[in-house]
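Below is one structure; the comments refer to it alone.
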Amino acid sequence: MTTARYSNSIETVAVGATVGASDPIIYGDFDKGTVYVPSGSTIMTLTWHSSLSATGTYLPARSEANVAITTAVVAGQSYPIPVALSGSRFLKITGDAAGVVGVTLKD
């Protein structure tokens, strides 16, 4: 017997220099995912933010050690969404440069 798994792909997620310029990611139904940084992207660092609602206030996501949750990235590569974000309902990503990424989500 196999169990069906639910997944979702978002081909274009805006990553802004500010939270207000970034797109929300509805993450609550998922427990893992992957971020795809397209070739030619100038983004080198992703910083994660979480919120109680899609249109709510997004707070900087921090680890249990009270360290900002960030991901160093290189164009043309993919990276897992940090495990420390698994309890988040809504996410936004800011970057050291504005751009777009792709995201896949899986339960």
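The values are calculated or read from the model by the stated rules, or taken from the named source; none is laboratory data. As the structure is a computational prediction, the values presented were derived from the model and not from experiment. No Cβ is skipped: glycine too gets one built from the backbone with ideal geometry, and neighbour counts run over all protein chains shown.
Remarks
- Within the stretch 45-54, considering residues that are of a type in the set (A, V, I, L, M, F, W, C) and part of a loop (DSSP other than H, G, I, E, B), the one nearest to residue 96 (Cα to Cα): 54
- The stretch 1-18, subset hydrophobic (A, V, I, L, M, F, W, C) and assigned to a strand (DSSP E or B), residue modelled with the lowest pLDDT: 10
- From 54, 17, 98, residue being aliphatic (A, V, I, L, M) and without any contact (Cβ under 8 Å) to a residue 60 or more places away in the chain: 54
- Look at (1) within 10 Å of the chain's Cα centre (by Cα); (2) β-branched (Val, Ile, Thr); (3) not in a strand (DSSP E or B) and you find that residue 57 fails only one, number (1).
- Residue, surrounded by the fewest Cβ atoms within 10 Å (Cβ to Cβ), within the stretch 34-56, restricted to residues that are of a type in the set (Gly, Ala, Ser) and on the phi < 0 side of the Ramachandran plot: 39
- Taken over the stretch 81-107, the residue count meeting the criterion of being in contact with a Gly (Cβ under 7 Å, 6 or more places away or on another chain) and surrounded by fewer than 17 Cβ atoms within 10 Å (Cβ to Cβ) is 3.
- Scan the stretch 19-31 for residues that are surrounded by 12 or more Cβ atoms within 10 Å (Cβ to Cβ) and modelled with pLDDT of 95 or more and the total you get is 8.
- Of all the listed residues (28, 16), the sole one being within 12 Å of residue 99 (Cα to Cα) and of a type outside the set (A, V, I, L, M, F, W, C) is 16.
- The residues of the stretch 68-93 that are touching a helix residue (DSSP H, G or I) at 6+ places or on another chain (Cβ under 6 Å) and assigned to a loop (DSSP other than H, G, I, E, B) amount to a single one, 69.
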